[in-house]
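So the structure is just underneath, and the comments pick up after that.
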Amino acid sequence: MILTLLGAPGAGKGTMARQLAKKLQIPTISTGALLRDEIGSGSMLGKEIDALISNGNFVSDETIISLLLKRLEEADCQKGYILDGFPRNESQADQLSQLGILLDKALLLSIPDAEIIARLAGRRECPNCRATYHIQYNPTKLDGVCDECGGALQIRADDTPEIIKKRLEIYHKQTEPLIQYFRQKGLLAVVQSEQGVDDTVASALKTLGVTL
Ligand code: AP5
């Protein structure tokens, strides 16, 4: 199965992707995490990416597609995968089909903008394994420590009020048109993401027609 998760910054794509990946036994590929890993490597490309995404801007289609294709060559992607954050505009969606990558579903996590601020203000991320938590909605067992790998949690550089506002504006302008794009192709499935994490994941599995 090849899925993509659509939704505004903070809609819960990363959280959903990790839960679905465990249940469906396929990897999740977050383009945001690929970019943050490149930044963490200290490369020249990472420095260029950092300047863009820490200001809320997209990186070029060329950069993102080359990082994605490299990841898709890995053996764990043979049986399918979940794309978190790709495609993010119509050009990326067109390139996906030109590359012969056929999606089974595009799952939209629907959430009002007002809720996003609370979500991103309380988000904490593990820089080692990229697990995300929320200090109130999805807390770790030990304060500040990743449940999955024991890493020290951090606040993302792009989770400041002004950058969140900019990311939301870019989302509405560039990514939201993909909702209609996938609807017209008969691939769109929608889940309300205002429920807690477990209920949202259960709704997603039902919407996708997956019984485990
Ligand atoms: P990316 O990392 O993909 O950021 P994003 O799309 O802005 O999404 P977020 O990661 O902020 O949110 P999310 O929807 O994953 O929510 P999460 O699960 O963490 O990309 C970062 C940047 O990289 C982009 O801005 C862009 O610059 C660049 N980029 C990436 N892909 C690109 C591309 N294809 N092309 C060009 N540029 C690209 O949840 C948020 C919080 O809510 C967490 O604290 C979580 O615990 C909590 N939460 C989640 N679900 C629930 C729930 N159901 N109930 C209560 N709380 C919940």
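The values are calculated or read from the model by the stated rules, or taken from the named source; none is laboratory data. None of the values given here were measured: they were computed from a predicted structure. Here the Cβ is made from the backbone with ideal geometry for all residues, glycine too, and neighbour counts use every protein chain on show. Note: accessible area is taken over every heavy atom of the protein model, side chains too, but ligands, DNA and RNA are not part of it. Shrake-Rupley method; radii C 1.70, N 1.55, O 1.52, S 1.80 Å.
Hey, if we sort His134, His172 by accessible area with the 1.4 Å probe, largest down, what's the order? Please list the in-between numbers first.
Numbers: His134 20, His172 70 Å².
Per-residue accessible area, sorted high to low, gives His172, His134.
Express the relative contact order of region 37-101 as a whole percentage, based on alpha carbon pairs under 8 Å and six or more residues apart in sequence.
On the way: 20 pairs, mean separation 10.9, N = 65.
The normalised contact order for region 37-101 reaches 17 percent.
Using 0.36 nm per residue of separation minus the Cα-Cα distance, give me the extension gain between Ile2 and Ala121 in nm, one decimal. Don't jump to the answer; show the numbers that get you there.
Values: separation 119, 0.36 × 119 = 42.84 nm, distance 3.08 nm.
That pair, Ile2 and Ala121, stretches by 39.8 nm at full extension.
What part of the accessible area of region 21-121, given as a whole %, is carbon or sulfur when the probe is 1.4 angstrom? Write down the numbers at each step before the final one.
On the way: 2600 of 4980 Å².
After summing per-atom areas, the C and S share lands at 52 percent.
Counting only trypsin sites (Lys or Arg not before Pro) that sit in a DSSP loop (anything but H, G, I, E, B) with at most 13 other Cβ atoms within 10 Å, what is the longest stretch of the chain containing none of them? Could the numbers behind the result be given before it?
Values: sites that count: Lys79, Lys141, Lys185.
Formally, the longest exposed-site-free interval is 1-78.
Scan around Leu6 for amide H atoms under 5 Å from its own, H built in the peptide plane at 1.01 Å from N, and keep only partners 5 or more places away or cross-chain.
For Leu6, whose amide H was placed from the backbone, the distant partners under 5 Å are Leu107, Leu108, Leu109.
Hand me the GluC sites (Glu not before Pro) from region 94-167 located in a DSSP loop with no more than 14 other Cβ atoms within 10 Å, in residue order please.
Working: sites: Glu115, Glu125, Glu148, Glu162; in loops: Glu148.
For GluC sites (Glu not before Pro) across region 94-167 that sit outside H, G, I, E and B with at most 14 neighbouring Cβ atoms in 10 Å, the list reads Glu148.
Just the number please: accessible area per residue for the chain, 1.4 Å probe, all protein chains included, in Å². Walk me through the numbers before you get to the answer.
Numbers: 10780 Å² over 212 residues.
On a per-residue basis, 51 Å².
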